[in-house]
Amino acid sequence: MARVSASKARAFTRNDSAAAASFSRLWSKAALLTMTVLVSWAVVAIRAPPPKICGAPGGPPVTAPRIKLRDGRYLAYKEAGVPKDQAKHKIVILHGYTRCRLALISASPDTIERLGVYMVSYDRAGYGQSDPHPARSVESEARDVEELADSLGLGSKFYVLSVSLGAHGAWGCIKYIPQRLAGVALVVPVVNYFWPSVSTPEGRAVFNKQPLGDRLFLSVSHYAPWLVYWWLTQKILPTSSTVNMNQADMCPSDRAAQEETRESDAQERKEALQQGLSESLCRDSSVMFGKWPFDPAELENPFEGENLTKKIIHVWQGEKDFLVPVELQRMVVKKLESWVEYHEIPERGHILREFTDQILETLVS
């Protein structure tokens, strides 16, 4: 058997060590490259593209009347009802999620004429043809309402009517500009599961009964708002019922109502989201389900010193609402019953279109 000299053995060892070191460096570079690619993909996936501003190069055209706010943003609006100078009652309408200024309430012309109602619905920031507001908050929504009312000459007092997720603006008006309010109707108002008043064992039990996609979406909106865009656009995990509007989850009255307006709803949604999701749905979700500066259920009556003969704040809720659990709404209004009127409609869900005349009459009468 041939013997290997010590010098040759040392040479082989050096070569093996060099090869191992070279392989290790190669593996480290490959791992670093893979990690860089994955991080880059993740950043691209979760980062929302910039909004396409209406009237800006490459953005949708401006076709609606707009006012310019003090901070330079533009707010688009749509008027309806009797002429403003003949109106007995003037109402500002706050649309819901995936909606826009086109979502004027569908009261009968006879009722509108008899009550002398003028209505103005506006695109909330980032929706439709209104400019985005990256610092949007519950308070900024109320300030937009006040500035719109002043720009249109609605007088010292006006009414506010919110639908669904537009409720955070209505609660903002009650908190920040109560002196301007003749009355407020919150129609199927969305409730924030993270308000202290509903972050109770009872509230958590209601939360745990919701579809998995809703629970995940609500948690992302509250704890990781920077992930909302990715969450709304990903196709792997279940997401919000509000976005999908799955008929299987609806009560019969909601299914029938949705079928009646399916085509117009699709057109309105297209208009509402034309600037992109980042400053419309994503911003709305993080404001509605984020941390609030106050809990609506803990509000003091801001109208106590006005010697009112009736309650001027009204909450309307469908008993079978699949988006806003009735148990949650009851928890909120129970604490406000001394100054908030609660109207619960049996066997009805999130769409209360057939009760619009009644809602309008109750608000302004």
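Along the principal axes of its C-alpha atoms, what lengths does the chain span, in descending order and rounded to whole Å?
Principal-axis extents of the Cα atoms in the chain, largest first: 115, 50, 42 Å.
How about residue 270: which lysines have a C-alpha closer than 19 Å to its C-alpha, ignoring those fewer than 8 places off in the same chain?
Partners found: 52, 78.
Label points 7 Å out from Cα along the Cβ direction at residue 361 and residue 70: separation in nm?
Label-label distance for residue 361 and residue 70, simple model: 4.0 nm.
How about residue 334: which lysines have a C-alpha closer than 19 Å to its C-alpha, ignoring those fewer than 8 places off in the same chain?
Once the sequence-local lysines are set aside, what remains near residue 334 is 175, 310, 311, 320.
Mind checking region 44-103 for trypsin sites (Lys or Arg not before Pro) that DSSP puts in a loop (not H, G, I, E or B) and that have at most 15 other Cβ atoms within 10 Å?
Those that pass, being in a loop and sparsely packed, are 47, 52, 70, 88.
Only Lys, Arg, Asp and Glu count, each charged at its Cβ (+1, +1, -1, -1), so figure out the dipole size of the chain about its Cα centre, rounded to 20 debye. Provide the component values of the computation, followed by the final result.
Values: 43 positive and 41 negative charges, 496 e Å.
So the dipole magnitude of the chain works out to roughly 2380 debye.
Lys/Arg Cβ at +1, Asp/Glu Cβ at -1, dipole of region 311-351 taken about the Cα centre: which of 350, 338, 322 is farthest positive-ward?
Going by the charge dipole, the pick is 338.
Charges on Cβ only, +1 for Lys and Arg, -1 for Asp and Glu, centred on the Cα centroid of region 285-365; of 290, 312, 360, which one is farthest towards the dipole's positive end?
Selected residue: 290.
If you filter region 301-365 for trypsin sites (Lys or Arg not before Pro), then keep DSSP loop positions with at most 13 other Cβ within 10 Å, what is left?
Listed in order of number, the matching sites are 310.
Counting only protein heavy atoms and a 1.4 Å probe, tell me what percentage of region 197-300's accessible area is made up of carbon and sulfur. Spell out each step's value before the answer.
Details: 2910 of 5290 Å².
Carbon and sulfur: 55 percent of the exposed surface of region 197-300.
Just grab the label-to-label distance for residue 335 and residue 104, each label 7 Å out from Cα along the Cβ direction, in nm (one decimal).
The answer from the label model is 3.8 nm.
Go through 138, 195, 221 and say which Cα lies farthest out towards the positive end of the charge dipole of region 111-227; charges sit on Cβ, +1 for Lys and Arg, -1 for Asp and Glu.
Going by the charge dipole, the pick is 195.
Antiparallel versus total DSSP beta bridges in the chain: what percent is that, nearest 5? Kindly include the intermediate steps, with their values, before the conclusion.
Details: 8 of 34 bridges.
The answer is about 25 percent antiparallel.
Quick one: accessible area per residue over region 47-125, 1.4 Å probe, rounded to a whole number of Å²?
For region 47-125, the solvent-accessible area averages 48 Å² per residue.
According to a simple spin-label model (label point 7 Å from Cα along Cα-to-Cβ), what is the distance in nm between residue 223 and residue 291?
That separation, rounded to one decimal, is 1.5 nm.
The values are calculated or read from the model by the stated rules, or taken from the named source; none is laboratory data. The shown structure was predicted, so the numbers you read here are calculated from the model rather than taken from an experiment. No Cβ is skipped: glycine too gets one built from the backbone with ideal geometry, and neighbour counts run over all protein chains shown. Just so you know, the surface numbers come from the protein's heavy atoms only, side chains and all, with ligands and any DNA or RNA stripped out. Shrake-Rupley method; radii C 1.70, N 1.55, O 1.52, S 1.80 Å.
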